[in-house]
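To start, the structure itself, in structure tokens.
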């Protein structure tokens, strides 16, 4: 494995988090708290591993960025996704732990209120993380 394998691992971790977040949502809608908890904890682990790999990749690459090879309208679509993904990903670093802490404390009413905000943002960040990978490395890689 080399540093150039890390983006694919990161995308896989984001995709895994997306599946787990989806399953966790379905389980809580069905009233299955234990499966919801297991899925959300696993999603948090996947997201934390993603962050560790992401920071490692960028530290090893010394801040180099990967250029996008698409042009025209697809470039605009990519930039909109990227520019919404980045600040929301930073926000998730605060929202997810806060939402988890409330659940772990047993404050389920506040947990639910926070989760109504955290869930769609975390979901969006996970999905768009995979899309950014696909745009950069699979669909429109630069030269």
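Every number in this text was worked out from the coordinates using simple rules, so none of it is lab data. Bear in mind the structure is a predicted one, so any value in this text is a computation, not a measurement. Don't worry about glycine lacking a Cβ; one is built from the backbone with ideal geometry, like all the others, and counts go over all protein chains shown.
With a 10 Å cut-off between alpha carbons and a GNM built on the chain, which of 34, 126, 47 moves the most?
34
Would you mind calculating the gained length between residue 8 and residue 71 on full extension (0.36 nm times residue separation, minus the Cα-Cα distance), in nm to one decimal?
Here the answer is 20.4 nm.
Distance between Cα centroids, region 81-143 to region 18-70: provide it in whole Å.
Here the answer is 8 Å between Cα centres.
What Kirkwood hydrodynamic radius, in Å, does region 3-139 give when the mean of 1/r is taken over all pairs of distinct Cα atoms and then inverted?
Taking every pair of different Cα atoms in region 3-139, averaging 1/r and inverting gives 15.8 Å.
Relative to the longest principal Cα axis of the chain, at what angle does helix 33-60 sit, 0 to 90 degrees, rounded to 10?
30
Given an 8 Å cut-off on Cα distances and at least 6 residues of separation, report the relative contact order of region 3-139 as a percent.
Normalised by residue count, the contact order of region 3-139 is 33 percent.
Among 122, 139, which comes first, then next, by fewest other beta-carbon atoms within 10 Å?
Least crowded to most crowded, the residues run 139, 122.
Test of understanding: what is the full-extension gain from residue 140 to residue 116, defined as 0.36 nm times their sequence separation minus their Cα-Cα distance?
5.2 nm
Could you order peptides 35-41, 110-116 by the average number of other Cβ atoms within 10 Å of their residues, highest first?
35-41, 110-116
What is the packing order of peptides 81-93, 9-21, taking the mean over residues of other C-beta atoms within 10 Å and listing the highest first?
Most protected by this proxy first, the peptides run 9-21, 81-93.
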